Structures are given as C-alpha cells and as structure tokens.
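The values are calculated or read from the model by the stated rules, or taken from the named source; none is laboratory data. Please read all numbers here as calculations on a predicted model, not as lab measurements. Here the Cβ is made from the backbone with ideal geometry for all residues, glycine too, and neighbour counts use every protein chain on show.
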Amino acid sequence: MANLEDAEKRYYALSTDKIYDEFQTNDQGLTDAQAKAALDKYGHNALQQAKKRSLFMRFFDQFKDFMIIVLLFAAIISGVVAQEWADAMLILAVVIINAFFGVFQESKAEEAIDALREMSTPEAHVRRNGNVETISSENLVPGDIVLLEAGDIVPADLRLVTSASLKIEEAALTGESVPVEKEIVTLQDENVPIGDRKNMAYMNSNVTYGRGVGVVVGTGMDTEVGRIAGMINAAEETMTPLQVNLNALGKTITWLILLIAAIIFVVGVINNHDGLPMNELLVNMLLTAISLAVAAIPEGLPAIVTIILALGTTRMAKRQSLVRKLPAVETLGSTDIVASDKTGTLTQNKMTVEKIYRHGQLEPADTVVTADDNTLRVMTFSNDTKIQQDGRLVGDPTETALVQFGFDHDYQVEEELKKEPRVAEVPFDSERKLMSTIHKMANGQFFVAVKGAPDELLKRVTQIEVAKDDVRSLTDDDRQVILKENKGMATQALRVLAMAYKVIDTVPEKPDSENIEHDLIFAGLIGMIDPERPEAAQAVADAKKAGIRPLMITGDHQDTAEAIAGRLGIIKPGDDAAVITGAQLDEMSDEEFAKNVKKYSVYARVSPEHKVRIVRAWQDKGKVVAMTGDGVNDAPALKSADIGIGMGITGTEVSKGASDMVLADDNFATIIVAVEEGRKVFANIQKSIQYLLSANLGEVLTLFMMTLMGWDMLAPVQLLWINLATDTFPAIALGVEPTEPGIMERQPRGRKASFLSGGVASSIIYQGILEGLLTLGVYGVSIMFPVHSGYDAIHADALTMAYATLALIQLFHAFNVKSIHQSIFSVHPFANRTFNIGVAFSTIMVALTIVVPGFNRLFHVTELNLLQWSIVLAAGLLMIAIVEIVKFVQRKMGKQ
C-alpha cells in the first residue's frame, strides 16, 4: 500500500467511482475471497513495533561512557596492583548502581508505539458479500466498505462515499478542537492539509455525529497514524545538554588527571629523593600515581548527579510535573524555545460561549440572561446534547457549549424541554447549514427553534426581535448590522451561530426545510471559542521574562491561531507577519526556512512532519527546544525535541509515551515552574561539581608539590578517607540548596553552556590552588615550628596536620560554593538543614580518625593538641576569607 502523501495516492482528489476502481470494490463490499487475497497482500491492520534492545544490551550500553571506562580501569588497578580493595569495591558499586538506574529509566521510555496499538478500535462494521458484518479491525483490508455512526472510532483510513450529517473529531491528529463536518466532494487542490480533507476519515478519530460510509484506503502502517508511528520509530534519540556536558566534563577531567598522574610518576622517578633501587622506585611511584588518579577522579560524580536529579524529580512531582527521564529535569533549565500545541495545552479544548448579540447589543457571556430569553431558548432547544444523570454533557462540543451556557445562567434546560417537548425536527446538514426543532407549547401552538450559519439563516428571516416581546420587520440596515457583528466576532476567531424562531399553529405532515425554515424571527448571534487557559497568558509572560521564546504550533485555522496567540501575548495582536501556515512552510526550502525561522511565533494548519521540521530548525540554530503536546500528531515532535512535555489529563497515551515529562494538571503554567526547578537543579549540580573538582584539584596539587619537594606524602588510605568523608555528603547536600534569588530573570544558558561556564572553571582553578597552598602552608608551618622533637615525630605531626587541613578545608569551602559570585552571607549559609547535617557528619568522620585511639595507627596519623587544631581551623577560615575577598572583587568588576 502506498503512502497517502504519494502524488498518485491523494485519495481525497479521486471521485467515488475512481476510488471503487482503484480498490476493485463497490458499494456491496468485497467478497470473502477478495478480502483474504488483500489480507495476504497487505497484512493485518496493525502497527509495527520497533525492534527493542535486549535487557543485557541496554545494561551493557551504560558502560560505554569514557569516564566510566576509566573508573573501571582504576578500580582494577587499585585492587590488583595497589591492593586497595575497599576503594575498588566502592568504585564498582557506584558504577553498577548507576547502570541499573539507567536501565530502569530506559525501560519506561519506549511506550509510544504500544499506546498507539492499544488505541486501535477492536471491531469494525463492514459490508462484505453484500451483507453487514462485524469483524475485528485487524482484519480490515483496503477496499473494505466500512459503516460509521456516532460513537464509533474510525478503524482505518477511509475515503468517504456517503455522509448523513457526519462529523468526526480529529483533534488528536490535527489539533483542531471542533469536529469536522464531512462532505462527499472531490477535492481538486494538490496539497490539502489533513484538517481540510472533508471527504476522508482517519484511523483512531472519533465519530461525534451522524452516519457515513467509507472505502478503506489505508491500513496499518499505511494510515496517517501509521506514518506517525513510523516517524516515532525513526526519530533519533537526542542527547540532553546534561548528558553532553557530563560526557565532555568526564573526558576532560579524566585526561587531565591521567596526564598529571603521569607527570608525577616521571618527576618522582627522576628525583628519587630517597635513593631507592629502580625496581622499588618504579613500583612505589606507580602506586603513588594510581592513588592520585583514583583519589582525584570524582568517581562519585555520576551517582551524585543522579541523586540530585532524583531529588529534583520528587520536588517536581509535588508540583504536578511527572518526569519520565531523569536528565529532563536539568534540560528544562536550559530551554530556549517552548513550542506548544494550542488545543488542550494553551487552550481548554472545550468550546465556550464568549459573546452574545441580541436586541442590538453585543454583550459578554456573563451578562444577565433570563429564562424567557428567546436566544437562550433556541440555543438549548435546537440541540442534540445528551445530559447524563451526573450532569455531564455528551455530544458535539459546539452544542454542549450552548447547553453549558444555559446551565451557567441558571436555565433549567431539562425542565423547559419537559414543558415544551420536541415533536419534530429538520436535522442539520452541511449544505443548508441549519438545524430546526419544533416544540409543543402549553397553549397548543408550536415553537420552531432554528440555529445555524448566520449568512444562511438570514436568507430565511423576515423579522427581528429588538426587545422582549417587541418584534418588527427586518430591514436592509438590520441585515447589514447583523452581518457586521458576525464579521467582527469572526475576525476575533470566534465561531458564530445565529438563532431564530417563530410560532406556528400546526406542524406540517412532513416537516422539512422548505415548509418550516421560512418567515423566521431573528433572535441573536452567539460567538464561541476554545478559550485560552486562565493561567496561560501569565505563564507566557513569565517565559518571556525568563528569556524563553514561546511558539504556538497547531493544526487549527490561521485566524483562530493568530487570535489566541494575540490574546496570550505570544505575538502582538494583529501581527500576521509572525504567523505561517503549513502550506506556506511546504513552499519553503530548508535553507529559506532556517533563514526566516526567527520571524515566526505561530504555526497554523500544520502536520506532524511540520512540527518535527520546526523543532529541528531551532535545534540547528543551537537552541534547546521543549515541545508540549497532547495528541497523537504531537508524538514525533515530542520525541525529536530536547524535551518532550506531554499532558497528563487530556493527553493520549501515545503523546505521554513519547514525552520526557508529563504535566499532571495539563497546566501550561506548570512548565514555568518546571523550568525554574530545572534551573535550580543545574545550578546545584554546578555547585557540586565546583566543590568536587576544586577539592580534587587541591589534593592533586598537594601531592604534586610534595613529590617535587621530596616531602613525605599522604598515604593512599588517607586520600581515600578524605574522599569518602568530604566528597559524598556535602556534594549531595549542595544538590538541595534553595533556589537563588532572581534565577528566573536570567537568560537561558543555551546548548553550548557547560557546567564549567559562568565563572565556574576559573573558580575551580583558583580555589583548588588555594586549597593546595594552604595545606602545604600548614605542613610547612608544622615543620618550621614543631611541637615534638625528633625527625619522625615532626614529620608525623606535619603529615597529620596536612591531612586534617586538606579534609577540613574542603568542608569549609563547601560554604563558599553555595553561590559562585554572591557572598555566603547573602545566601543564608545555614538555611539548608541537610547541608548542615552533611558537613557536620563529614567533620566527625575526619576527626574520629585522629582523636579516637587505635584509629590513628590505622590511618597513620598522630594526636593533635589544641594549638595544632587551631592552626588547622585557621587555615579553613582563611579559605573562606580569601574566597570572599575574590568574590567581592569580581562583583565590583561586574562578573555576576
């Protein structure tokens, strides 16, 4: 079966006879033999699933990261060569836990195609061998004749051949909230958007009104839904900025550390201060270099980042944002573009009466309307909405909006219909665009209620109601005023219906348009729209304030999209230069679109391919793109975007399955809350990285200088304990720091920004050097002003003080990195209870190795007296003071 987009397979452009010829069928349907042959040829009417990677392969993939490979190598060397099995097991545990967590996240990420399959209707009513049969929709084949009626789900792509007031809701495919009125016409244009194909019905759309018959022209993967499934399968998984940053950072750090370890090995061998034999010297320096590498590589970084992200997801869940993929938490913080679907995301996906024109006055929907108002009577009488026992309204969205308007004005619709029951009707049809109902009144006369298109209804009107119980003949001036009001509401993207009535003495034997719909009295106009969400305009304003550009992408009409976008503040009202349609986009080459993409903020009448193209055009400009959506048609773009955001309430399972994050409350404003959380998560990860890398740089510099000077060096067990005690708890605690003031007034950092940008890299360098110098300074002071006598005792004290200083100075420094440029006193240094506990616990871990008898021998340290502890603590306070001075100078220089 050819794709619907193929030039020769534009079925909407073929006549009914040609459709029958194309599929060798007729209005009696296929024979069983024809159906079997077609099933063998085209296969079942089901969607193909992408081949899934095995659990083992997904687990194996977690170990392809360069930093992870180096850590595994370091773990092996630590255990086999250095005999530091505890450290080796710690590294392996971190790596394996991280891999399991990654597999767990991926196992939930590929549900979109399964959801598409589950959406398919299980049964279809078809005509075969001239008889109507009910068969499994999987057994439908091209050429089958399918019968549709209200409440059905369309089982395959159909070219309609008959329609009786047929309306189909296609919002999941087109984004248009109003059901489409189907017509049996042959469309002549070459490229007709899906939403305008009045003679087609597509798989998984819903029949809301009337009946129809169609020829199956596409099944399985050859349907519009199948094309979307294929696009989802083919969509490449994009790496988030977080993943890119971590990979780049890991490689950079690892290569630098390996280079420094190699330099230390070479320098140590060349200097050979202790005059060791070459064999012994090589082994000692190799163990020293490995110890340094293992100590300096931030092996806990992946786990710490994962923990910070997980804590972020927990906080976001409490604020109605459900994260399906951990990196999405951080990606939100770097978002430049939010490309949002209109229907159900920025709007309520619910038609609502907004304006009413009657008695010569245009009034808002909340104006007072009494129960005896004829406009109100007509809109609720000429209406097929079903009112459920629980008060829910079932029916065409336009008609349910009219009944809801009655409810909102305390109009007892059911009671009034009992008083004046319907006795006859002239059903709606798409040619005359009117619907009439006849109701018996208490005095024995009959009330005729007519609603429909204003231009068509005015042709049948001879009088106008200018006030309650005040009716006069309709003049040409009256007609022009009504048409002007109609046009005024239409330009505001309101869907306008006209209401008219009359009272008759008897009901014709055969009520039809000719003998009922004439000599009517004009009652009023009703303007309806799928309104924007109440909080959406403020959310758009907040996004712009945060430097994020909102885009509206919809399958709806250009006028409607432009009006809603203007009301929301996405564009200036009336700025049609910022609006482009899918047809206009098709006429542009990729180069031309890339050149002009910044001009457009609203995309109307678009297809799934357009959405993906828009997302990628912005990505090619280096922008981080978030795409929101709730329909099947949004799934490919949701998957292609840097972060796909699905709707939890109105969203299809397909869109949620393709998303990185789901909004539990369908609230566009929740996206801005999530962006703030994402920025906070990035800032806190940045703080943790700054803390870890500056601390590790301090350790590297300390060992490097000790090697150059031929001093006694810190033992591997001391380095490993410092890492264990000072790295984990403060780094994780920094991950739950409160949001810094003004974080939502900053511009997005963009795709090229990294964890080392914004002054972090320079801060790591100077702060790491400062830590190393202060540690070496304390070592030197201890040598110059010894407490004990004797070479061994002096150097043992010096090493102990260096060990204590290197550990505690990092914990003091943890307060410095609560803000890159702001003073620690302006960010409330003790406000984070988790941080306070983490630092206290780490301090105790270090102190225990020195003050507890027996531990000092295990860690090769001596007991320190009050003076020695004072020197160590003074070095820690000096670290804070110097960094505060540097930050003060930076702020004066405008580096914030």
Query raised in the report: Just a yes or no: is a residue in the range 227-240 touching a Ser or Thr at 6+ places or on another chain (Cβ under 6 Å), modelled with pLDDT of 80 or more, among the β-branched types (Val, Ile, Thr) and not assigned by TED's automatic domain parsing to the domain that holds residue 613?
Result: no
**Report entry** Flag if residue 604 is among the hydrophobic types (A, V, I, L, M, F, W, C), at pLDDT 75 or above, touching a strand residue (DSSP E or B) at 6+ places or on another chain (Cβ under 8 Å) and farther than 23 Å from residue 546 by Cβ
**Finding:** yes
Query raised in the report: Can you spot a residue in the range 770-777 that is within 30 Å of residue 619 (Cα to Cα) and acidic (Asp, Glu)?
Result: no
Query raised in the report: Can you tell which of 834, 800, 805, 849 is assigned to a helix (DSSP H, G or I), at pLDDT below 90 and buried (at least 22 other Cβ atoms within 10 Å of the Cβ)?
Result: 849
Query raised in the report: For the range 718-736, how many residues are surrounded by 22 or more Cβ atoms within 10 Å (Cβ to Cβ) and assigned to a loop (DSSP other than H, G, I, E, B)?
Result: 2
Query raised in the report: Given the structure, is residue 752 buried (at least 20 other Cβ atoms within 10 Å of the Cβ) and either modelled with pLDDT of 80 or more or among the charged types (D, E, K, R) (or both)?
Result: no
**Report entry** Residues (within 25 Å of residue 333 (Cβ to Cβ), more than 18 Å from the chain's Cα centre (by Cα) and of a type in the set (Val, Ile, Thr)) located in the range 529-581
**Finding:** 570
Query raised in the report: Quick one: is residue 785 modelled with pLDDT of 85 or more and of a type in the set (Phe, Trp, Tyr)?
Result: yes
Report task. Filter the range 736-749 down to residues that are modelled with pLDDT of 80 or more and over 20 Å from residue 670 (Cα atoms), then give me how many there are. Result -> 2
Report task. Consider only pairs whose beta carbons are under 6 Å apart and that are at least six residues apart or on different chains; among these, list those whose first residue lies in the range 249-273 and is more than 15 Å from residue 756 (Cβ to Cβ) and whose second residue is among the polar types (S, T, N, Q) and surrounded by 14 or more Cβ atoms within 10 Å (Cβ to Cβ). Result -> 264/707; 267/707; 268/707
Query raised in the report: at negative phi and modelled with pLDDT under 90, is that true of residue 505?
Result: no
Requested in this report: Would you mind telling me which numbered condition in (1) surrounded by 24 or more Cβ atoms within 10 Å (Cβ to Cβ); (2) modelled with pLDDT of 85 or more; (3) under 19 Å from residue 337 (Cα atoms) residue 679 fails?
Outcome: (1)
Report summary line: By residue number, the members of the range 395-440 that are hydrophobic (A, V, I, L, M, F, W, C), touching a Pro at 6+ places or on another chain (Cβ under 8 Å) and within 24 Å of residue 162 (Cα to Cα) are 426, 435
Report task. Inspect all residues belonging to the range 179-188 and state whether any of them is modelled with pLDDT of 90 or more and in a strand (DSSP E or B). Result -> no
Query raised in the report: What number of residues in the range 885-896 are loosely packed, with under 15 Cβ neighbours inside 10 Å and in a helix (DSSP H, G or I)?
Result: 5
Query - Qualifying residue in the range 399-415 (condition: over 24 Å from residue 359 (Cβ atoms), surrounded by fewer than 14 Cβ atoms within 10 Å (Cβ to Cβ) and modelled with pLDDT under 95) - result: yes
Report summary line: Only one of (1) polar (S, T, N, Q); (2) more than 25 Å from residue 515 (Cβ to Cβ); (3) without any contact (Cβ under 8 Å) to a residue 60 or more places away in the chain does not apply to residue 398, and that is (3)
Query raised in the report: Mind checking which residues of the range 346-375 are within 22 Å of residue 484 (Cα to Cα) and among the hydrophobic types (A, V, I, L, M, F, W, C)?
Result: 353, 356, 362, 365
Requested in this report: Tell me, yes or no, whether the range 584-603 has at least one residue that is in a loop (DSSP other than H, G, I, E, B), farther than 23 Å from residue 197 by Cα and either under 20 Å from the mean Cα position of the chain (by Cα) or touching a residue at least 12 places away in the same chain (Cβ under 8 Å) (or both).
Outcome: yes
